[in-house]
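One structure below.
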Amino acid sequence: MTRTRLASLSLWLALLGLSGLVVARARYSADLSAFLPRSPSATQQLLVQQLRDGLASRLILIGIEGADGATRAQVSHALAVNLRARPEFVSLSNGEAASQERDREFIFQHRYELSAAVTPERFSVDGLRAAIADNLEFMASPAGLLAKSLFVSDPTGETLQVMDEFQGAAQPRRDHGVWSSGDGARALLIAQTRAVGSDTDAQAQALALIRAAFAASLRELDTATAATPGATGPLHLLLSGPALFSVEARATIEHEALRLSLLSTTLIVTLLLLVYRSLPTLLFGLLPVASGALVGVAAVALGFGVVHGITLGFGVTLIGESVDYSIYLFVQSRLGRAAARGDAAVRSLWRTIGLGVLTSVCGFASLLPSSFPGLAQLGLYSISGLIAAAAVTRFVLPQLLPVGLRVADLTPLGAAAARLIARVRLPAAASAAAGLALLCALVLLHGRERLWNRDLSALSPVSPAAQALDANMRADLGAPDIGTLVVVNADSEQAALQLSEAVGGRLDALIGAGVIAGYDSTARFLPSQATQSARLASLPAEAPLGARLSAAAAGLALRPEALQPFLQQAAAARLAAPLNRADLDGTSFALAADALLWHRDGTWHALLPLRAAAGADNIDLVRVRAALATLAPGQVLVMNINQELDALYASYLTEAVHLSLAGLGAIVLLLLIALRSPARAARVIAPLLLAVLAVGAGFALAGTRLTILHLIGMLLIVAVGSNYALFFDRRAADSDRAALPLTLASLLIANACTVIGFGVLAFARVPVLSALGATVAPGTLLALLFAALLAPRSVLAPA
Amino acid sequence: MKPPLWALGLLLAAATTGGAAQATEGGPGAGLDSLLTLMAQRRHGEADFSETKYLSMLKQPLESSGLLIYDAPDHLEQRTSTPRPQSVVLDHGIVTLQIGQRRRVLRLADYPQLAPLIDSIRAILAGDRAALERAFELDFSGTLAHWQLRLQPRDAQLAATLKRIDMQGEGDAVREVQVQQSDGDRSVMRITPRE
């Protein structure tokens, strides 16, 4: 073993060892932060927080269909009882009266702290008379019995006042005592998981528990109705919500990735076995790929601290390019050992491959400055992976190949291809290419308005049917959606509540003006201490209150002595400590408080979700912002989460397009410098651009709008295709005609592998995978075809 | 088995001689059945009402009057015109109260203990025997031409508020509803159908 050989092998092994160590210890993340800017604004930070662990991310919507309403209600009840006992769930609501009564009891107990109507004037003689007269009228109504039980304790009607305030939200319909859909065909429940939405494993477990509880309640039902089997008809469980989506998306992606990569690996391995006719050669050929992937992940882990799942997923496409290097090496030099000897032809081969690697690096380097970690990581992964794969092919592989390793001679295949290409005359090919370029440019120009899909949902793996079911159940339940919010930031809980109260005052005016239908606020069920104290201070002591009550009753037909409970309770409330967060425990307000008020890193955040006015799809954000503009500047934000997300996505799509164009510029510059001839550089770039144009025009014609994944696919076309084009340029430069058939054959095999790998991806059901596959497979095929057809005929003619 | 001809004759005779025979000869519950069947045939009705409420916390009874409107089977409206206008609409289990400018919406399902009381008049007008029997023991007396129906709560929680409801009527017309509450408060509503 020579010293250089020893040196390169030990360097390689050390690199692999180090990379393995880094990869094993790296942190991996599968949340949305890959899609979020590296230095997010306050709004964006809140956005990701809400998406990852906000209330909406923790809600699972449950529907029960089939049989009759009574049976569904029975199952709904059984499900609720079963799941409420599980620590995995914070709450389970199905509209049953029991939880409502707890809430009503809470409101009754704390009516003087909660009612906005409690002012000193209300407890003056005139105020008491007016409030009591109002309630007497209610009592005289047929529904008065509801009020009567309250009247002796609460003649001014504070309990009803608070309930009226809380009633703003649309309540789901009830059927047989439990929530049901608007058409009454489906019983509905809402489960809130303890785990945050981004904890996909915990969410998967929660979903499994719900399914198990449903199955158990069906068995109970079967036992109960054993006398009349089948009388109730089959029942179905429907689940929806972010948790279900993320669990299913993960399962689909895992399943698809496994199935498709098995398929493409089998196909590629079969092809390479046919070509190499040697298993060891095949295995040696995969060494650079594996090394590249390992080094790539390690580089990302070192560079970013955390590796995004999306980087791993799409970075695997690196195989498409790195497997080519060993193919070129094996096929063109018949065996790599020649490379170690360093003869002229082999050195020329390596110059070409090296330039190809540099071209790809230029392309992917354009992603590095992206403000979105997902793209920047993809860039770093590809650059380091490709360099590592090429270096391993160049310096390590030839050292490892055993003597006597042979690959089949592919000269006949290459010669046949050369004869085919030579039949097309260059001027004809060139004019056809120019015509095609023009045509594609026209198609793209015509459809430029609709070329890019700037909607984030384009990347969503959730099927439209599942999205429709979710929207349906959400509408029936009035479940919180991530819509328009007012966000209040403050230094303390009390400051956040006080500011929420101030915002609430402005929002009430907007309700009056018809701009919004309503809003939710923690300050409704947990007013600030200052507000509560002011309300309690409005209550007179027992003796003066009794005197005022007698005076007020004089004008009414009321016997004041019947209201003794009122005097006692008001006096007790006056001295009571104000309500705090812990007092909400056991009511449904605790759940709401957790969702709408929290603190992180010393800042308290309060959310006030807004409801659009009836008949309006959207809330006029401009008017809401204007109404809140003068309140504590910088502490109150108004945002629509979906709009923010789409804007964010659109901005990084635009950025990625610009960066890719810059990358293209860098590639042109590199080729001009390396080839020292504008004509040669143009000949290398023309087939690549033509391939990208043709693929883009194809999508435009098919009505497919391009996403960020299509763009990355186009970068890959240029990266992979540049190798092809450079080989044809090398033929032009060195005129070593004997090697021509082998060059062509290696390009054909390399391209076949790429087309198989990405072609299989094109059939994936996950939009991100299929977009990438559908772009790269035809794109690289076209790049090879165009490069061959546009090559000077002098180099195509075999010796 | 084919019924003998004399049995058919007896049945015809009973039908023509009126409800008295049914109530006595049809056995317990038959009179109630006939009443509820008759009620269920009615699709729409309007009637004037006047109501007096005797509440212990008030020095004098509350008087009110107005119009009742019924549409089978789930809509009942009470429009009070005196002493002050207010309206209460019970529609598919949702009670909407309008008192002056204030509007209040309640769901009967949210008040399971009181819902049967509020729903009782609608249930009798609709001939909804299932709804009535879920909440009350029913005691029918008199004839179809002049009947009395007493409703007593089955549920202890309802009984804590409500002692009983006594209704009187003629054919498919309810003429009087008396509600006796457990604390001694009571109300009497007299109803005059509009034709």
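Here, each number is a calculation from the coordinates, and none is a lab measurement. Since we're looking at a predicted model, the values are computed, not measured. As a convention, Cβ positions derive from the backbone with ideal geometry for all residues, glycine included, and neighbour counts pool all protein chains shown.
Across all directions, the average flat footprint of the convex hull enclosing the Cα atoms of the stretch A:185-311 is 13.7 nm². Here the gap between A:A543 and A:R351, fully extended at 0.36 nm per residue and compared with their Cα-Cα distance, gives a gain of 59.0 nm. Ordering A:Y28, B:Y111, A:Y328 from the fewest to the most neighbouring beta carbons within 10 Å gives A:Y28, B:Y111, A:Y328. Sequence-distant contacts, meaning Cα pairs under 8 Å at least 6 residues apart, place the relative contact order of the stretch A:350-426 at 23 percent. Centre-to-centre separation between the Cα atoms of the stretch A:490-551 and those of the stretch B:48-71: 36 Å. So if we plug the beta-carbon distance of A:R277 and A:A632 into 1/(1 + (r/R0)^6) with R0 = 60 Å, what FRET efficiency do we get, rounded to 0.05? In this case the efficiency is close to 0.20.
Placing pseudo-labels 7 Å out from each Cα toward the beta carbon at A:L438 and B:T82 gives an inter-label distance of 9.5 nm. Counting every pair of alpha carbons in the stretch B:21-193, the share spaced more than 21 Å apart comes to 50 percent. Calculated on the Cα set of the stretch B:97-195, radius of gyration then Dmax: 14.3, 45 Å. Summarising the amide proton neighbourhood of A:I516: residues at separation of 5 or more, or on other chains, whose placed amide H is nearer than 5 Å comprise A:I511. Relative contact order for the stretch B:21-193: 21 percent, from Cα pairs under 8 Å spaced at least 6 residues apart, divided by residue count. Between the stretch A:662-720 and the stretch A:77-128, the alpha-carbon centres lie 63 Å apart.
The modelled label-to-label distance for the pair A:A130/B:L138, using points 7 Å beyond Cα in the direction of Cβ, is 4.8 nm. Between amide H atoms placed 1.01 Å from N, distances below 5 Å from B:H146 occur with B:G171, all of them 5 or more places distant or on a separate chain. With contacts taken as Cα pairs under 8 Å and at least 6 residues apart, chain A reaches a relative contact order of 20 percent.
In plain terms, the residue of A:W598, B:W147 with the fewest other Cβ atoms within 10 Å comes first and the most crowded comes last, giving A:W598, B:W147. With the helix formula -39500 (n - 2.57) applied to DSSP H stretches of n ≥ 4, chain A reaches a computed 222 nm mean residue ellipticity of -21500 deg cm²/dmol. Using the Cβ-Cβ distance between A:F763 and A:S463 with R0 = 22 Å, the FRET efficiency computed as 1/(1 + (r/R0)^6) comes to roughly 0.85. With all projection directions averaged, the alpha carbon convex hull of the protein assembly as shown covers 55.6 nm². Taking amide H atoms as placed 1.01 Å from N in the peptide plane, the amide H of A:R174 lies under 5 Å from those of A:S180, each 5 or more residues away in sequence or on another chain. Please report how many Lys pairs in the protein assembly as shown have alpha carbons closer than 24 angstrom, counting only residues at least 8 apart along the chain or sitting on separate chains. For the protein assembly as shown, the number of qualifying lysine pairs is 5. The modelled label-to-label distance between A:R625 and A:L6, using points 7 Å beyond Cα along the C-beta direction, is 7.0 nm. Legend: calculated FRET efficiency, B:H75 to A:L575, from the Cβ-Cβ distance at R0 = 45 Å, rounded to 0.05, equals 0.40. Each residue in A:F566, A:F108 was given a count of other beta-carbon atoms within 10 angstrom of its own, and listing them fewest first yields A:F108, A:F566. For chain A, the longest principal axis of the Cα atoms and the long axis of helix A:426-446 meet at an angle of about 10 degrees.
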